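Encoded as structure tokens, the structure appears first; notes follow it.
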Amino acid sequence: MAQNIKLNPEALKELRTVNPRLISYNVEMTEVTGGTFWKAYTDAQIDGTEQVPPPDLSKGVAAMHQWYDPIDTTNPRLIKLAKALGSCWVRVSGTWATRTYYDFDGTGMPDGYFNHLRKEQWINLLNFVKAVNGKLKISVANCDGLHSHDEPWNPSQAEKIFALSKEHGVPIEAVEFVNEPNMLQATGFPKDYTAADFRRDQDIFHKWVRENYPECLIVGPSDTDPGAMAKDAWGNPHPWAAEAGGMDTAGIAAVMAYCSTADLMDGCTEKLDVFSYHYYNGVSERMAAMMPSAFTPAEGAMSEEYLGAAAHTARCFSSYRDKYCPGGEMWVTESGDAGAGGHTWASTYLEVPRTLNEIGDFATVTNGVIFHNTLASSDYGWLKHGTFVPRPSYFAVLLWKQLMGDTVYDAGEARREGAHVYAHSRRDGKPGCAYLVINTSWTDTTTVELPKAAEVYALTGNGKMRSRTMLLNGKELVLGENDEIPEMTGVTAEGTLEIAPGSCTFIVL
């Protein structure tokens, strides 16, 4: 059904001012050291003409992974594109980080670790963070190589990476103990590790940080918790949450939540500065056979249920934030369109409505930061692994950062198919406001009545929703000569404006 929107900036009501680094990203530890990550899709799978075969569950997560060499964090294109996004938090973590040995003296990796980080690799990462004016956030090692489950965690490894970073002029400014600790048997912990062991060790770690690096923010617990999302956006029982909590099959263990947020946090004595969690809009095609209710096919990529995941999850986790970090910000320290490396369309324009909707919804619910997974690896990276060619979602967040300010307003429009409307202050600081209108209909045009002349920035697919490139006001967004970032300028419109099906349009008044 075609929708009509009448913009009324005079009636906007302020909701909050959000963190200026609301949009941030992950550079996974496996990207820094080299390692396994989610398999790349074929061109036909990305186009939607070839199905993704179900993985061999007897091989566990390895069936869905492939080896990737380290990304080149000294690459001029990577640095230029990351710097264009402005100052962001750069999170270096992931399951890989929990079992990484910091081999800064070149003596090699002892038993009990899975991989090692060389000094040169970390220095290059620090130089990258400095070059893009970023702020560094990490998690630390906690595996059999460091201690057994019945021995307390010790800071022998953490001190090395904290000290080197500070010495190099890029201090670690925020830290989570480990990545996704609720998956006790899959995240790299010592053998037989329990939630009680985690609570003991997290308190030890947080106390150590506060005593030695008091300027560093304590963030946690960085978990996934299907039980927290037990109801869908309309309050009905969420089928895939129950499904995820009930899995008990070899090979599926890697995605199962073994304990809850309460199991990880109740009884801890060291308080958090920031509450964090992870979420995705369900799972990708790779895991569809294992968790069918959590999988959304491409034709549902603009549905209310699918796009509602960001706000729904933020509201669910808000109660945990209020309990464990009252008054603090809430950070989504890992997010993307789907768990297990993203949907087949993650690298295409079809991912843009979800990306922008996530940012808009989250900012209407709470203040914090969303870390996209990842900057430059796998199919859901903003940049293609190896070449760093920007994908449509990169240009979408770049445009958001150029237009949408930090003051968030109630846009005054009920959310409905064809009309997801968000309103912020102008990024340039001038009087007025910036709207984002996402037409979530596949077929119908949405009409917007403008109160006065406006600058319009309309994003559309290049001939199809699964296009590898995106159009801005009809012009393809691609890098120019010497990796010049295309100028993203608006066109003037007044009266009524037609928003094409599936398009995302910024309107600056």
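The values are calculated or read from the model by the stated rules, or taken from the named source; none is laboratory data. It should be emphasised that the depicted structure is a prediction, and the values quoted were computed from it without experimental measurement. Every residue, glycine as well, gets a Cβ built from its backbone with ideal geometry; the counts of neighbours run over all protein chains shown.
Within segment 454-470, restricting attention to residues that are of a type in the set (Ser, Thr, Tyr) and not in a loop (DSSP other than H, G, I, E, B), which residue is nearest to LYS6 (Cα to Cα)? Please lay out each step first, then the result.
The initial filter retains those residues of segment 454-470 that are of a type in the set (Ser, Thr, Tyr), namely 457, 460, 467, 469.
Add one more test, that the residue is not in a loop (DSSP other than H, G, I, E, B), and what stays is 457, 460.
On the way: TYR457: 18, THR460: 22 Å.
Among those residues, the one meeting the criterion is TYR457.
A quick yes/no check of all residues on (1) closer than 30 Å to VAL132 by Cβ; (2) β-branched (Val, Ile, Thr):
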residue	(1), (2)
GLY169	yes, no
ILE172	yes, yes
PRO181	yes, no
GLN185	no, no
PRO190	no, no
ALA195	no, no
ASP201	no, no
PHE205	yes, no
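I'd like the full set of residues that are part of a loop (DSSP other than H, G, I, E, B) and under 17 Å from GLY381 (Cα atoms), limited to segment 51-81.
If the condition is that a residue be part of a loop (DSSP other than H, G, I, E, B) and under 17 Å from GLY381 (Cα atoms), then ASP69, PRO70, ILE71, ASP72, THR73, ASN75 are the ones that fit.
Please enumerate the residues belonging to segment 8-50 that are among the β-branched types (Val, Ile, Thr) and part of a strand (DSSP E or B). Spell out how you get there, then give the answer.
Step one: list which residues in segment 8-50 are among the β-branched types (Val, Ile, Thr), which gives 17-18, 23, 27, 30, 32-33, 36, 42, 46, 49.
Those that are among the β-branched types (Val, Ile, Thr) and part of a strand (DSSP E or B): THR17, ILE23, THR36.
Of the conditions (1) within 17 Å of PHE104 (Cα to Cα); (2) in a helix (DSSP H, G or I), ARG200 fails just one. Which one is it?
(1)
Restricted to segment 272-298, and to residues that are closer than 24 Å to VAL437 by Cβ and touching a residue at least 60 places away in the same chain (Cβ under 8 Å), which residue is surrounded by the most Cβ atoms within 10 Å (Cβ to Cβ)?
Taking the candidates together, the pick is ASN281.
Suppose we keep only residues that are among the hydroxyl-bearing types (Ser, Thr, Tyr), at pLDDT 95 or above and in contact with a Phe, Trp or Tyr (Cβ under 9 Å, 6 or more places away or on another chain) within segment 1-40. Which one would you say is farthest from PRO292 (Cα to Cα)? Give the derivation first.
So in segment 1-40, the residues among the hydroxyl-bearing types (Ser, Thr, Tyr) come out as 17, 24-25, 30, 33, 36.
Of the ones still in play, those that are also at pLDDT 95 or above are 17, 24-25, 30, 33.
Filter once more, keeping what is in contact with a Phe, Trp or Tyr (Cβ under 9 Å, 6 or more places away or on another chain): 24-25, 30, 33.
Numbers: SER24: 30, TYR25: 28, THR30: 28, THR33: 33 Å.
Ranking the candidates gives THR33 first.
Yes/no per residue for (1) outside the structural domain of HIS147 (by TED's automatic domain parsing); (2) surrounded by fewer than 20 Cβ atoms within 10 Å (Cβ to Cβ); (3) touching a residue at least 12 places away in the same chain (Cβ under 8 Å); (4) within 22 Å of GLY35 (Cβ to Cβ):
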{"position": "GLU50", "(1), (2), (3), (4)": "yes, yes, no, no"}
{"position": "PRO54", "(1), (2), (3), (4)": "yes, yes, yes, no"}
{"position": "ALA62", "(1), (2), (3), (4)": "yes, yes, yes, yes"}
{"position": "PRO70", "(1), (2), (3), (4)": "yes, yes, yes, yes"}
{"position": "LYS83", "(1), (2), (3), (4)": "no, yes, yes, no"}
{"position": "SER87", "(1), (2), (3), (4)": "no, yes, yes, no"}
{"position": "ARG91", "(1), (2), (3), (4)": "no, no, yes, yes"}
{"position": "THR95", "(1), (2), (3), (4)": "no, no, yes, yes"}
{"position": "THR98", "(1), (2), (3), (4)": "no, no, yes, yes"}
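Looking at this structure, is LEU497 modelled with pLDDT of 95 or more, farther than 20 Å from ARG354 by Cα and not polar (S, T, N, Q)?
Numbers: modelled with pLDDT of 95 or more: yes; farther than 20 Å from ARG354 by Cα: yes; not polar (S, T, N, Q): yes.
Criteria met by LEU497.
Restricting segment 471-496 to residues that are of a type in the set (A, V, I, L, M) and out of contact with any Ser or Thr (no Cβ under 7 Å at 6 or more places or on another chain), which is surrounded by the most Cβ atoms within 10 Å (Cβ to Cβ)? I'd like the intermediate steps shown before the answer.
From segment 471-496, those of a type in the set (A, V, I, L, M) are 471-472, 477-479, 485, 488, 491, 493; that's our starting set.
Remaining after also requiring out of contact with any Ser or Thr (no Cβ under 7 Å at 6 or more places or on another chain): 472, 479, 485, 488, 491, 493.
Numbers: LEU472: 21, LEU479: 15, ILE485: 16, MET488: 17, VAL491: 12, ALA493: 17.
Looking at the filtered set, the residue picked out is LEU472.
Of all residues in segment 162-198, which are in contact with a Lys or Arg (Cβ under 9 Å, 6 or more places away or on another chain) and either free of Cβ contacts under 8 Å to residues at least 40 places away in the same chain or among the small types (Gly, Ala, Ser) (or both)?
GLY169, ALA174, GLY188, listed by residue number.
So, restricting to strands (runs of 3 or more DSSP E) that lie completely within segment 414-453, which ones have at least 2 residues that are under 24 Å from the mean Cα position of the chain (by Cα)?
Of the strands (runs of 3 or more DSSP E) lying wholly inside segment 414-453, those with at least 2 residues that are under 24 Å from the mean Cα position of the chain (by Cα) span 420-426, 434-438.
Check whether at least one residue in segment 386-408 is closer than 20 Å to LEU307 by Cα, of a type outside the set (Asp, Glu) and in contact with a Cys (Cβ under 8 Å, 6 or more places away or on another chain), and report yes or no.
yes
Mind listing just one residue for me: the one in segment 331-371 that is assigned to a helix (DSSP H, G or I) and hydroxyl-bearing (Ser, Thr, Tyr) and, of those, nearest to the chain's Cα centre (by Cα)?
Let us first name the residues in segment 331-371 that are assigned to a helix (DSSP H, G or I), namely 349-365.
Within this subset, residues satisfying the condition of being hydroxyl-bearing (Ser, Thr, Tyr) are 349, 355, 364.
Details: TYR349: 17, THR355: 9, THR364: 17 Å.
Filtering first and then ranking leaves THR355.
Residue under question is PRO486, and the condition is that it be more than 25 Å from PHE388 (Cα to Cα) and either in a loop (DSSP other than H, G, I, E, B) or modelled with pLDDT under 95 (or both); does it hold?
Values: more than 25 Å from PHE388 (Cα to Cα): no; either in a loop (DSSP other than H, G, I, E, B) or modelled with pLDDT under 95 (or both): yes.
So PRO486 does not fit the description; no.
Could you tell me whether PRO214 is over 24 Å from ASP266 (Cβ atoms), outside any helix (DSSP H, G or I) and in the same structural domain as GLU334 (by TED's automatic domain parsing)?
Criteria met by PRO214.
If you take the residues of segment 466-502 that are without any contact (Cβ under 8 Å) to a residue 60 or more places away in the chain and acidic (Asp, Glu), which of them is farthest from ALA82 (Cα to Cα)?
Among those residues, the one meeting the criterion is GLU494.
Exactly one of (1) in contact with an Asp or Glu (Cβ under 8 Å, 6 or more places away or on another chain); (2) of a type outside the set (D, E, K, R); (3) at pLDDT 95 or above is unmet by ALA82. Its number?
Of everything listed in (1) in contact with an Asp or Glu (Cβ under 8 Å, 6 or more places away or on another chain); (2) of a type outside the set (D, E, K, R); (3) at pLDDT 95 or above, ALA82 misses just condition (1).
Here's a check for you: in segment 308-340, which residue that is touching a residue at least 60 places away in the same chain (Cβ under 8 Å) and buried (at least 23 other Cβ atoms within 10 Å of the Cβ) is farthest from TYR380 (Cα to Cα)?
Checked segment 308-340; the qualifying residue farthest from TYR380 (Cα to Cα) is PHE317.
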